[in-house]
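One structure, pasted below without further comment.
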Amino acid sequence: MNARVLVTGAGGLLGGALCQELATLGLLVTAGIRSAPAPTGFPTARYDLERPETASPALAASRAEVVIHCAALADADACERDPGRARSLNVEATEALAEACARAGARLAFVSTDLVFGAESDPGLRSEDYPARPLSAYGRTKLAAEGIALRVRGNAVFRVALVTGRGHGPRGSATEAVAWALGAGRPLRLFDDQYRTPVDPRSLARLFASWAAGAHDGLFHAGGPERVSRLELGRRVATTLGLPVERIAAVGQDDVPAIAARPKQAAMDSGRARRLFGWEPEPLLAAIRAGRSSTASGA
Ligand SMILES: NC(=O)c1ccc[n+]([C@@H]2O[C@H](COP(=O)([O-])OP(=O)(O)OC[C@H]3O[C@@H](n4cnc5c(N)ncnc54)[C@H](OP(=O)(O)O)[C@@H]3O)[C@@H](O)[C@H]2O)c1
């Protein structure tokens, strides 16, 4: 039988896209929302990270067997400005949700980030046993929440890389944002020294669906098939979509003042997910093509 899944943060860029992709794979999705709308056509359950008591009713309403926890204060700069709020929304709320899931007999997948990595400059791909030394409040709160989610057997943590492809809502994915800016005639400055392994929601949905159907738990890296700099990613978007690549300028991360520090080397080795689930994330080219051409199209 197809798993019943509650996706928290279903009004967000990744959560909304996951709802659609998981439903396409046959899962029975309930969209956990606070204020922003989920994609149309899904049953919804109210869930507020600031009100931990909303977790159990959302689980009961969805009768979820698995929960994919996307809701978060996901803006690294906002976390840096208000680390107390970041801790409350990203750590304490995850703890309350994990407890509610354990009581309800639901397995939890916590959506973490590649920004848990630190300042190490070696360019190798980071596997799950590579030390995580977050440089920002965002990374520290996500890392703390990982440990909480993994206290319960059956739960999983997925460290998701930079999200590309077709997102949900008014904000573009990393590739959509480039396409929208260049399409509107805006020049871009992109980092030539920040390396990631971008991944798209459709590939992630296949990974989450495999996890939901199986018995594997623990920590998984969930990055795409290629290690690229933000500059290279932007150039690929431009060349793939026929947009003016000459409007993209290279810039070093240290040359741009930032509120939250980010690792330059955050590309991940996702071999564990590939081995245990037979996971094959889509090529970057397919993710770029899948993106929306503007906010209005399918937001
Ligand atoms: N985007 C990426 O490149 C990326 C990469 C790695 C990991 N991630 C992780 O993926 C997850 C989703 O990120 P995203 O990019 O989709 O972020 P997003 O677009 O900002 O979505 C965040 C979601 O969290 C919800 N949320 C925020 N505060 C809440 C609260 N108090 N109660 C309930 N829900 C609340 C938001 O609901 P409202 O819309 O109603 O405010 C929204 O649905 C996050 O856990 C993030 O750390 C994202």
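Note the direction-averaged projected area, equal to a quarter of the hull surface, for the Cα convex hull of the stretch 239-279, in nm².
With every direction weighted equally, the projected area is 5.6 nm².
Right, something else. Applying the Karplus parametrisation 6.51 cos²θ - 1.76 cosθ + 1.60 with θ = phi - 60° to the phi angles of the stretch 256-263, what ³J(HN,Hα) value in whole Hz is obtained for each residue in order, glycine and proline being reported as x?
Residue by residue, the stretch 256-263 yields 10, x, 10, 6, 9, 6, 10, x Hz.
Would you mind checking the radius of gyration and Dmax of the stretch 4-47 based on alpha-carbon positions, in Å?
So, for the stretch 4-47, Rg and Dmax equal 8.8, 26 Å respectively.
Starting from the amide H of residue 29, placed 1.01 Å from N in the peptide plane, find each other amide H under 5 Å away whose residue is 5 or more places distant or on another chain.
Correct list: 5.
So what is the relative contact order for the chain, in percent, with contacts set as C-alpha pairs under 8 Å and at least six apart?
Relative CO of the chain lands at 20 percent.
Can I get the semi-axes of the stretch 127-198's equivalent ellipsoid? Compute them from the C-alpha gyration tensor as square roots of 5 times the eigenvalues, in angstrom, largest first.
In descending order the semi-axes read 31, 16, 11 Å.
Starting from the alpha-carbon convex hull of the stretch 149-299, give the projected area averaged over all orientations, in nm².
9.7
While we're looking at this one, here's another question. Just to be sure I follow: if Rg is taken over the C-alpha atoms of the stretch 17-80 and Rh is the Kirkwood radius over the same atoms, what is Rg/Rh?
Taking Rh as the inverse mean 1/r over Cα pairs, Rg/Rh reads 0.98.
Then there is this: Across the stretch 63-156, what fraction of all alpha-carbon pairs, as a whole percent, falls in each successive 10 Å bin from zero upward?
For the stretch 63-156, the pair-distance distribution reads 17, 45, 30, 8, 1.
Assuming 0.692 mPa s and 37 °C, estimate D for the stretch 90-143 with Stokes-Einstein, Rh taken as the Kirkwood radius over Cα pairs, in µm²/s.
For the chosen part, D equals 257 µm²/s.
Would you work out the relative contact order for the stretch 1-125, in percent, from Cα pairs under 8 angstrom that are 6 or more residues apart?
25
Karplus couplings for the stretch 66-76 from phi (6.51 cos²θ - 1.76 cosθ + 1.60, θ = phi - 60°), rounded to Hz, Gly and Pro as x?
Karplus values, whole Hz, x for Gly and Pro: 9, 10, 10, 8, 9, 4, 5, 7, 9, 8, 4.
For the Cα atoms of the chain, what angle does the longest principal axis make with the long axis of helix 13-24, in degrees from 0 to 90, nearest 10?
With both axes taken from Cα atoms, the answer is about 60 degrees.
Could you give me the radius of gyration and the Dmax of the chain, taking only the C-alpha atoms into account and expressing both in angstrom?
Just the Cα atoms of the chain yield Rg and Dmax of 18.1, 55 Å.
Each value in this text was obtained by applying a stated rule to the coordinates, not by laboratory testing. Everything numeric here is computed off the predicted structure, so don't read it as measured data.
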